[in-house]
Structure formats: C-alpha cells, structure tokens
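Accompanying notes for the structure given below.
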C-alpha cells in the first residue's frame, strides 16, 4: 500500500492502471511504498512503465529469489 499523499496526477494514474489491470497499483503485497517523495516518484514511474508496456508492476519488477532470506 502507498500511504502517502494522493495527488491529482497519481489519482489519474491509479484510475488508468485500474481500468487496464483491474486492481490498484499499490495492492501488491511484495511492494512496500513509504510516504516520502522518493516512494511517490517510484510509484509514479512504475505505473507509467506498466501502462506503457502493458504489464502489471510485479511482471516488470519481479522479486529476486536470491535476495529473500
């Protein structure tokens, strides 16, 4: 979940993402966003890439199994 500020820009991206994939872009448990500006910018960048490439965020940014302990 993304606990940060919901701007008009981010709301529009959420709406576009939901229309395309049927879920909000911050619903994936494997992604933990903070409420800081860096997290906001990361989320915006990830949503834009997902829409551009027509792939859900986890498909674009798969977890590396070697990093999981």
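The values are calculated or read from the model by the stated rules, or taken from the named source; none is laboratory data. Bear in mind the structure is a predicted one, so any value in this text is a computation, not a measurement. Using ideal geometry, Cβ is built from the backbone for each residue, glycine included, and neighbour counts are taken over all protein chains shown.
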Which one of these is at pLDDT 95 or above, assigned to a loop (DSSP other than H, G, I, E, B), more than 10 Å from the chain's Cα centre (by Cα) and surrounded by 11 or more Cβ atoms within 10 Å (Cβ to Cβ): 55, 12?
-> 55
Is it the case that some residue within segment 22-36 is part of a helix (DSSP H, G or I) and either at pLDDT 95 or above or touching a strand residue (DSSP E or B) at 6+ places or on another chain (Cβ under 8 Å) (or both)?
-> no
